[in-house]
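Asks: My questions all concern the structure below.
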Amino acid sequence: MNQGHNHRNLQGGGARAAVFGISDGIVSNVALILGMAGANSSGGAVRLAGLAGLVGGAFSMSAGEYVSMRAQSELVERELDVEREAIRHEPEDERRELAAIYQHRGLDPGMAEELSEKMMRDPELALETHAREELGINPAETGNPFQAAGSSFVMFAIGAFIPLLPWLITHGALAMWWSVILGAVSAFGVGSALAHFTGRFWLWSASRQLLISGVAAAVTFTIGHFIGGGH
C-alpha cells in the first residue's frame, strides 16, 4: 500500500515569518536588554529600552515582511501576465516550448508532443503548467503579505517580551540572569521548532540558535559594560 507523503506549504509566508519573527525578537531584545544591563542602567531604563525594542522591532519586522511579500507577489503576477499573454497570442510557440521541456526531462518526443497538446487545450491549465515548469511557481500560491506581516508582528513581540519579562517583576542582577536564562531556553526551543520545518537534526538546529543568541548577547553586554559601565 502506497501511503504517499505530504509537503508543507512554504510559499504563503506565514510560517516563515513566524519563525523569523520570534527568533529575531528573542535575539534582538535579549541583546538590547543585556547591553543596557551591562552599562549599569537603572531598572526603569532597561524596561524602557526593552519595551521600545519590542514595539519598534515588531513594527519594523511587520513592515519589512509586508513590503517583501508584496514585492514578491507583484513580481510573480507580472511574470504570470507575461506568460498568459504569450499563451493567448503565441500558443504554438508555447506548446513547442512545453514539449521541449518535457523532452529535456526524459520523455520521448512523441509523448512530449501529445502531453503538451493536451495541456495547451485549457488556457488556465496551460498557464499553471508553464508557471510550474518554466518559473517554478504555483499561480495559486503567490504569497499573502498581510498574513506574513501579521504573523511577523505577533511572533516578534512574543519573542521580544520573553527576556523583558523579568524586568517587569524585579531588577538588577537577578533580572539580568533571568533574562539570560529565559532567552537561552527560548532560543533553544525556537531552534528545535525550526528543525521541524527544515528536517535537520533538532539538537544541531537548537544549538546553532542558542549560539547565535549567546554571541549577540555577549557582544552587546561587553560593549555596554565598557562604554557605559563607568557612569
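Taken together, the values in this text are just the output of simple stated rules run on the coordinates, not laboratory data. From a predicted model like this one, the values you see are computed outputs, not experimental measurements. Here Cβ is always computed from backbone atoms with ideal geometry, including for glycine, and neighbour counts include all displayed protein chains.
Asks: Output wanted: per-residue J couplings in Hz (rounded whole) for segment 68-73, from phi through Karplus 6.51 cos²θ - 1.76 cosθ + 1.60, θ = phi - 60°, x for Gly and Pro.
Replies: Going residue by residue, I get 4, 5, 5, 4, 5, 5 Hz, with x marking Gly and Pro.
Asks: Residue-wise, which Karplus ³J(HN,Hα) couplings in Hz belong to segment 221-227, taking 6.51 cos²θ - 1.76 cosθ + 1.60, θ = phi - 60°, and x for glycine or proline?
Replies: 4, 5, 4, x, 5, 7, 8
Asks: Still on this structure, please answer the following. Would you list H196, H89 from fewest to most Cβ contacts within 10 Å?
Replies: Taking fewest neighbouring Cβ atoms as first place, the list is H89, H196.
Asks: Please identify every one of the GluC sites (Glu not before Pro) in segment 104-206 that sits in a loop by DSSP and has no more than 15 other beta carbons within 10 Å of its own beta carbon.
Replies: Of the GluC sites (Glu not before Pro), the ones in loops of segment 104-206 whose Cβ has at most 15 other Cβ atoms within 10 Å are E141.
Asks: Using packing as a proxy for protection, rank 70-81, 16-27 so that the peptide with the highest average count of other Cβ atoms within 10 Å comes first.
Replies: Highest mean packing first, the order is 16-27, 70-81.
Asks: Tell me which chymotrypsin sites (Phe, Trp or Tyr not before Pro) from segment 126-231 have a DSSP coil assignment and no more than 16 other beta carbons within 10 Å of their own.
Replies: Here the sparse-neighbourhood loop sites are F201.
Asks: Run the simple label-point estimate for S207 and R121 please: 7 Å along Cα→C-beta, distance reported in nm.
Replies: Distance between the two pseudo-spin positions: 5.7 nm.
Asks: Could you work out the relative contact order of the chain, using alpha carbon pairs under 8 angstrom and six or more residues apart, expressed as a whole percent? Mind dumping the intermediate values first?
Replies: Numbers: 327 pairs, mean separation 95.0, N = 231.
Answer for the chain is 41 percent.
Asks: Specify the residue with the greatest mean-square fluctuation among G143, G106, G57, computed from a Gaussian network of the chain linking alpha-carbon atoms under 10 Å apart.
Replies: Result: G106 has the largest fluctuation of those listed.
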